[in-house]
Amino acid sequence: MSETIKVCALSELPEVGAKGVAYAGQERLFVVRREGCVYAYHDACPHYGDTTLPWRQDAYLDPSGEHIMCAAHGALFEISTGRCVSGPCEGQYLTSMPVYINDADEVVVTLNGTDSQIRSDSSS
């Protein structure tokens, strides 16, 4: 059986924004909302596996809001795929996690699932 974690209410996640949470001790994940979709990733840069991405809480996006950014290495990742498009890990990917919006309009991430589909939010 897959374990899930409720990250936040969909209304708490800005249309172009991100939110990170800790789970299972020191493990971290984050969700990003953009253009009616929510994406979830393990919070670790593929350039150096235990480096978390933000420079401050929930600061996962670059100043333009166009890419996920690793503050430690300057790497930029596509929001929709997690693929690094610039930086020391170019061509590598963030680890995606299955995410969905439940009936209570909460963003829920499956921690140990194998389905990597990205779920659209229902408000678009």
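Tabulated data for the structure shown
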item	result
Subset of the range 1-59 that is aromatic (Phe, Trp, Tyr) and at pLDDT below 90 - its residue that is nearest to residue 87 (Cα to Cα)	48
Condition check for residue 79: modelled with pLDDT of 95 or more and out of contact with any helix residue (DSSP H, G or I) (no Cβ under 6 Å at 6 or more places or on another chain)	yes
Members of the range 27-45 found to be open to solvent by 10 Å² or more (accessible area, probe 1.4 Å) and of a type in the set (Asp, Glu), listed by number	27, 35
Extreme residue, surrounded by the most Cβ atoms within 10 Å (Cβ to Cβ), among residues of the range 1-26 that are outside any strand (DSSP E or B) and in contact (Cβ under 8 Å) with a residue 24 or more places away in the chain	13
Residue within the range 82-91 that is under 19 Å from residue 112 (Cα atoms) and either open to solvent by 10 Å² or more (accessible area, probe 1.4 Å) or at pLDDT below 90 (or both) present	no
Unmet criterion (only one of (1) under 21 Å from residue 4 (Cβ atoms); (2) open to solvent by 10 Å² or more (accessible area, probe 1.4 Å)) for residue 99	(2)
Members of the range 46-69 found to be open to solvent by 20 Å² or more (accessible area, probe 1.4 Å) and in contact with a Cys (Cβ under 7 Å, 6 or more places away or on another chain), listed by number	46, 47, 51
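The values are calculated or read from the model by the stated rules, or taken from the named source; none is laboratory data. Bear in mind the structure is a predicted one, so any value in this text is a computation, not a measurement. Methodologically, a virtual Cβ is constructed for each residue, glycine included, from the backbone with ideal geometry; neighbour enumeration extends over all protein chains shown. For accessibility, only protein heavy atoms count, side chains too; no ligands or nucleic acids. Shrake-Rupley method; radii C 1.70, N 1.55, O 1.52, S 1.80 Å.
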